[in-house]
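Engineer: So that we are looking at the same thing, I have put the structure below in structure tokens.
The values are calculated or read from the model by the stated rules, or taken from the named source; none is laboratory data. All of these numbers come straight from a predicted model, not from anything done at the bench. Positions of Cβ are backbone-derived with ideal geometry, glycine not excepted, and every protein chain shown enters the neighbour counts.
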Amino acid sequence: MGSWDDVCVLIPTLNESSTIGGVIDGFRAEGFQNIVVVDGGSDDGTRELAEEHDARVMIQSGTGKGQAVREALSRIEAEYVVLTDGDGTYDPADAPDLLKPVISGRAEHAIGDRFADMQHGAMTRFNRIGNRLINRTFEYVHGQEDRDILSGYRAFTVESTERFQLKATGFGIETEFAVECAKYDVPTVVVPITYRPRPEDSSTNLHPVRDGAVILVTLYRLAKTNNPMFYFGSVGFVSLLIGGVLAAYVGVEWFRYNVSHEVMAVVAGVAILFGVQLIMFGVLSDLILSLHREQIRRLK
């Protein structure tokens, strides 16, 4: 495990001049030589500093962390990738532990669990609650417990990502990684890591409310092909519930006060029918998906 010739350390950046040099030096100290910095248009000298610290700089053609990762993966020739951030919150000394299960063949994807050793001030209480909510949602919707799906520190084989349908442009890329691993049965392990607070002179590109909403929408959108019963059934249940409430109101008004609500009755009927159809469609889709997965397992 002392040589990392087949490993590429991938660092997406945007205005990380105060920390990028230390991050690169930290990975160099761990023996990593292939370090790629994907810059998304920094105007604070991040690219120049990365080059001064002997990292290979790739100029991102688009915007957003997700687009940077997707573009880099299409050009990286290494067998393994360590994905990290350039803000200094992740400890390069944890990279070997992330890589060990991947290189040994025990897993194809390793996620760094920030909650295992989160230093004081590394994450606000609001962000902790949001992370926990998203992790629980992922576990419920996609049926896999990864503890920290939003972690930006992970190791994986490039070959495993060739099966993924990655489309995220921003911070939803970590969510897509987790969902695609669950969808394609990619062996995944969770590795404890240290998560440090950002240096005081650096600023975050994360917007908790906006990016959290995007991640939740991503989780729901990807359930269409991984858990169609939830995807269609949740909307169907809501429609069925609304139609049922309206129908009950119309019935009470008619029998107690002899007041008819024809339009509301029609809306209630349509909502009930729509809800039932969506739930039935979800059941059928789930059955088809189960049969498809069984066939894939047999082929393997």
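Engineer: Counting only residues that are of a type in the set (Ser, Thr, Tyr) and in a loop (DSSP other than H, G, I, E, B), which one in the range 43-99 is farthest from the chain's Cα centre (by Cα)?
Structural biologist: Here the answer is SER61.
Engineer: For the range 103-125, state whether one or more residues are part of a helix (DSSP H, G or I), touching a helix residue (DSSP H, G or I) at 6+ places or on another chain (Cβ under 8 Å) and hydrophobic (A, V, I, L, M, F, W, C).
Structural biologist: No: zero hits.
Engineer: For the range 119-128, how many residues meet the condition of being among the aliphatic types (A, V, I, L, M) and exposed (fewer than 11 other Cβ atoms within 10 Å of the Cβ)?
Structural biologist: Counting residues in the range 119-128 that are among the aliphatic types (A, V, I, L, M) and exposed (fewer than 11 other Cβ atoms within 10 Å of the Cβ) gives 0.
Engineer: Taking the range 152-179 on its own, how many of its residues are assigned to a helix (DSSP H, G or I), of a type in the set (Asp, Glu) and out of contact with any Gly (no Cβ under 8 Å at 6 or more places or on another chain)?
Structural biologist: Going residue by residue through the range 152-179, those that are assigned to a helix (DSSP H, G or I) are 158-161, 173-179.
Retained after the next criterion (residues that are of a type in the set (Asp, Glu)): 159, 174, 176.
The next check asks that each one be out of contact with any Gly (no Cβ under 8 Å at 6 or more places or on another chain); those that pass are 159.
The total comes to 1.
Engineer: Here's another thing I want to ask about it. Just to be sure before I move on: is THR194 touching a residue at least 12 places away in the same chain (Cβ under 8 Å), more than 19 Å from ASP87 (Cβ to Cβ), polar (S, T, N, Q) and surrounded by 17 or more Cβ atoms within 10 Å (Cβ to Cβ) in the structure I sent? So that I can check it myself, show each step before the final result.
Structural biologist: Details: touching a residue at least 12 places away in the same chain (Cβ under 8 Å): yes; more than 19 Å from ASP87 (Cβ to Cβ): no; polar (S, T, N, Q): yes; surrounded by 17 or more Cβ atoms within 10 Å (Cβ to Cβ): yes.
Here the answer is no, as THR194 does not meet what is asked.
Engineer: Among the residues of the range 161-179, count how many are within 9 Å of the chain's Cα centre (by Cα) and either surrounded by fewer than 21 Cβ atoms within 10 Å (Cβ to Cβ) or among the aromatic types (Phe, Trp, Tyr) (or both).
Structural biologist: 2
Engineer: Right, something else. Going through SER260, SER234 one at a time, which residue ends up being outside any helix (DSSP H, G or I) and among the hydroxyl-bearing types (Ser, Thr, Tyr)?
Structural biologist: On the way: SER234 fails: outside any helix (DSSP H, G or I).
Checking each option against the conditions leaves just SER260.
Conditions tested, residue by residue: (1) touching a Phe, Trp or Tyr at 6+ places or on another chain (Cβ under 8 Å); (2) surrounded by 15 or more Cβ atoms within 10 Å (Cβ to Cβ); (3) at pLDDT 90 or above; (4) at positive phi.
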{"residue": "VAL259", "(1), (2), (3), (4)": "no, no, no, no"}
{"residue": "VAL267", "(1), (2), (3), (4)": "no, yes, yes, no"}
{"residue": "VAL270", "(1), (2), (3), (4)": "no, no, yes, no"}
{"residue": "GLN277", "(1), (2), (3), (4)": "no, no, yes, no"}
{"residue": "GLY282", "(1), (2), (3), (4)": "yes, yes, yes, no"}
{"residue": "SER290", "(1), (2), (3), (4)": "no, no, no, no"}
{"residue": "ARG293", "(1), (2), (3), (4)": "no, no, no, no"}
{"residue": "ILE296", "(1), (2), (3), (4)": "no, no, no, no"}
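Engineer: Restricting to the range 23-59, give me the number of residues that are touching a residue at least 40 places away in the same chain (Cβ under 8 Å) and in contact with a Phe, Trp or Tyr (Cβ under 7 Å, 6 or more places away or on another chain).
Structural biologist: Residues that pass the stated criteria total 1.
Engineer: While we're here: Confirm whether VAL245 is loosely packed, with under 13 Cβ neighbours inside 10 Å, part of a helix (DSSP H, G or I) and out of contact with any Asp or Glu (no Cβ under 8 Å at 6 or more places or on another chain).
Structural biologist: It is true that VAL245 is loosely packed, with under 13 Cβ neighbours inside 10 Å, part of a helix (DSSP H, G or I) and out of contact with any Asp or Glu (no Cβ under 8 Å at 6 or more places or on another chain).
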